[in-house]
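Remarks on the structure that follows.
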Amino acid sequence: MKLKELVKELELFERERVPNDIRILGIATYIQTSSTRRTAEIISDSSPSNATVWK
């Protein structure tokens, strides 16, 4: 099973404002950097603040 399908099936997120692809990218980036601020900088086109990444 693909990660994208698993995230959709488990309904991990309440809202659908951000596409799951971006969320998966954010999670992977956060795991690698351990920093919400750095993650927000890396995916800044779709996620403008580190508070959004933290949530």
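The values are calculated or read from the model by the stated rules, or taken from the named source; none is laboratory data. Remember, predicted model here, so these are calculated numbers, not experimental data. Note that each Cβ is placed from the backbone with ideal geometry, even for glycine, and that neighbours are counted across all protein chains shown.
Data for the structure
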| quantity | calculated |
| --- | --- |
| Pair list, Cβ under 7 Å, 6 or more apart: the range 33-55 residue under 15 Å from Pro19 (Cβ atoms), other residue at pLDDT 80 or above and among the aromatic types (Phe, Trp, Tyr) | Val53/Tyr30 |
| Conditions (1) loosely packed, with under 13 Cβ neighbours inside 10 Å; (2) among the basic types (Lys, Arg); (3) in contact with a helix residue (DSSP H, G or I) (Cβ under 9 Å, 6 or more places away or on another chain): number failed by Arg38 | (1) |
| Every residue from the range 1-47 that is modelled with pLDDT of 80 or more, polar (S, T, N, Q) and not in a helix (DSSP H, G or I) | Ser34, Ser35 |
